[in-house]
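Asks: Right, I'll just put the structure down here and ask away after.
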Amino acid sequence: MLKIPKQIYDQMLVHAEAEAPNECCGLLAGKNGTAEAIHPMTNIHQSPVSYMIDPKEQFAVFKEMRAKENELIAIYHSHPHTEAYPSATDVRLAYYPEAVYIIVSLENPERPVLKAYRIIHNKISPEEFEVLAS
Ligand SMILES: [Zn+2]
């Protein structure tokens, strides 16, 4: 089960709200399924319906993760107008079976919803997560 410190959980929501109406995206790094660091990334699509992490930023973060012996724990992005469920494009572009895919939905702006999934071989399965009190 994925473990997310409260501070990182809140930062994902803040990032989603800051980028709205466009999708936000970012990476969580850590060890043994526990997120230890959040890396907000630039969505080079700057779109309300899709995202692509800036490859240069991603390369830099992957390098830093290796240096710290951290793993890629999760990839998050937001759905400003739709539910927190992977779109057909999200499934098609899910290149990291080792990572959890987190989606923040702002469909109801008063009540953001965050959900996590594994996407392996085009199959979506919900991933449980726990928010750790900080
Ligand atoms: Zn999506």
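The values are calculated or read from the model by the stated rules, or taken from the named source; none is laboratory data. Only a predicted model underlies this, so the values are computations on that prediction, with no experimental measurement involved. Here the Cβ positions follow ideal geometry from the backbone for every residue, glycine too, while neighbour counts run over all protein chains shown. The area values use the complete protein model at the heavy-atom level, side chains included, leaving out ligands, DNA and RNA. Shrake-Rupley method; radii C 1.70, N 1.55, O 1.52, S 1.80 Å.
Asks: Considering only protein heavy atoms and a 1.4 Å probe, what is the carbon-and-sulfur percentage of the accessible area of the chain?
Replies: After summing per-atom areas, the C and S share lands at 54 percent.
Asks: Could I ask something else about it? Out of residues 5 or more away from residue 107 or on other chains, whose amide H comes under 5 Å of its own, with H placed 1.01 Å from N in the peptide plane?
Replies: Counting only residues 5 or more places away or on other chains, the set is 82, 113.
Asks: A further question on this structure: Mind checking region 44-76 for GluC sites (Glu not before Pro) that DSSP puts in a loop (not H, G, I, E or B) and that have at most 10 other Cβ atoms within 10 Å?
Replies: Taking region 44-76 and a limit of 10 other Cβ atoms within 10 Å, the loop GluC sites (Glu not before Pro) found are 69.
Asks: I'd like the trypsin sites (Lys or Arg not before Pro) in region 7-112 restricted to DSSP loop residues with at most 16 other Cβ atoms within 10 Å, sorted by number. Intermediate results must be reported in sequence, preceding the final value.
Replies: On the way: sites: 31, 56, 63, 66, 68, 92; in loops: 68.
Counting only loop positions with at most 16 other Cβ atoms within 10 Å, the trypsin sites (Lys or Arg not before Pro) in region 7-112 are 68.
Asks: A follow-up question, please. If contacts are Cα pairs under 8 angstrom and at least 6 residues apart, what is the relative contact order of the chain in percent? Intermediate values should be presented prior to the final figure.
Replies: Values: 281 pairs, mean separation 36.1, N = 134.
Here the relative contact order equals 27 percent.
Asks: Here's another thing I want to ask about it. Within the set 56/115; 31/68; 31/56; 3/68, which residue pairs have Cα atoms separated by over 21 Å?
Replies: 56/115; 31/56
Asks: Using only alpha-carbon positions, what ratio does the radius of gyration of the chain give when scaled by 2.2 N^0.38 Å?
Replies: 0.96
Asks: Follow-up question, since we're still on this one. When we measure straight from the Cα of residue 123, which aspartates and glutamates land under 12 angstrom away, once same-chain ones fewer than 8 places off are left out?
Replies: Within the straight-line cut-off, residue 123 pairs with 90.
Asks: How many Å³ per residue does the convex hull of the Cα positions in region 9-49 occupy?
Replies: Working: hull volume 2.8 nm³, N = 41.
In region 9-49, the Cα convex hull volume per residue is 68 Å³.
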